[in-house]
Amino acid sequence: MLAASLLAFLSFGGFDMVAAAGEEVQRPEHNLPRAILLTLAAVLGLYLTVTLVAVGTLPAARLGTSSAPLADAALAFGGPLGRRLILACALLTTAATANAVLVVTSRIVFAMARDRFRPIRLAAVSARTGTPGAAVVANGLLMGTMAALGTVTASAAPGGFLYVLHFVPPLVALVALRRRFPGDRPAFATPAPRLVLPLAFAASAVLVVASGRTGFALGTAWLLTGRAIRARPRRLP
């Protein structure tokens, strides 16, 4: 369960990407929480349905040892046509996910470079299209290198470590802001914060442990690499 929890959490990756595009969203204080919650609900319902069909079609032992469990379940459930449809869907969703990750990571790198936390050249914006071309190219090359050199297991451990870790600073900031401005009423308030926030911190700690020594070592190496290339930040207003 612990080993699978990290991969399960990574499979939900994307709901947080909505927040990265906050500057381009109209009424973000209203639309961002709604988009995140609706995304989580839709994906959870879809994943549970797919899992129910897969477990109801093939024995758990066979699914656990298969290199393509959903394709095998689709073969048993819908025949060769079902398997081909699942494979086609996998290709399309992988491409869509890669595109979304590229858009979001490029947006983050652009913002960091704009605030002088990364080389300023990464903040260059195309005069014709308005897109941060340098950041898109840099992130695309990085993603392509990881895809060419890594495996799912080798990428999941450090990727999971870093992915989980990046939720911790916002949680700390949320706690600090609630204590600093206790009387303010935000547009969206965390429900049951005395329960949700401790569970969030505990879950983050569990998932970091689940990344194992490989995830911790490689993830820390990525952090140190980022720290080494960090530019001098400018003073923010």
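All of the numbers you see were taken from the coordinates with simple rules; none came from a lab. Computed from a predicted structure; not experimentally measured. Cβ: placed from backbone, ideal geometry, glycine included. Neighbour counts: every protein chain shown.
Between 0 and 90 degrees, the angle of helix 152-165 with respect to the longest Cα principal axis of the chain falls at about 40 degrees.
The amide H of R118, built 1.01 Å from its N in the peptide plane, has A113, A231 as neighbours under 5 Å, considering only residues 5 or more places off or on other chains. Determine, from the Cβ-Cβ distance of A148 and L48 and an R0 of 30 Å, the FRET efficiency 1/(1 + (r/R0)^6), rounded to the nearest 0.05. Plugging the Cβ-Cβ distance into 1/(1 + (r/R0)^6) gives 0.35. Charges were assigned to the Cβ only: +1 to each Lys and Arg, -1 to each Asp and Glu. The resulting dipole of the range 152-237 about its Cα centre is roughly 460 debye.
Can you give the angle from 0 to 90° between the axis of helix 212-228 and the longest principal axis of the chain, with both taken from C-alpha atoms, to the nearest 10? With both axes taken from Cα atoms, the answer is about 30 degrees. Amide H to amide H distances under 5 Å link T131 with S126, where only residues 5 or more positions off or on other chains count and H is placed in the peptide plane.
Note on the range 1-102: Rg/Rh from Cα positions, Kirkwood definition for Rh, rounded to two decimals, is 1.05.
Subtracting the Cα-Cα distance of L87 and Q26 from 0.36 nm times their residue separation leaves 18.3 nm of extension gain. The convex hull drawn around the Cα atoms of the range 109-191, when projected onto a plane and averaged over every direction, covers 8.8 nm². Size of the chain from its Cα atoms: along the principal axes, largest to smallest, the extents are 61, 43, 39 Å.
Once the Cα atoms are used to define both axes, helix 133-149 deviates from the longest principal axis of the chain by about 40 degrees. Its Kirkwood hydrodynamic radius, worked out from the mean inverse distance over all distinct Cα pairs, puts the range 152-237 at 15.1 Å. Taking Lys and Arg as +1 and Asp and Glu as -1, the other residues whose beta-carbon sits under 12 Å from that of A111 total +1. Across the chain, Cα pairs under 8 Å and at least six residues apart give a relative contact order of 23 percent. For the chain, a crude dipole built from +1 on the beta carbon of Lys and Arg and -1 on the beta carbon of Asp and Glu, taken about the Cα centre, is about 840 debye to the nearest 20. Taking only the Cα atoms of the range 68-114, the radius of gyration and Dmax are 16.7, 52 Å.
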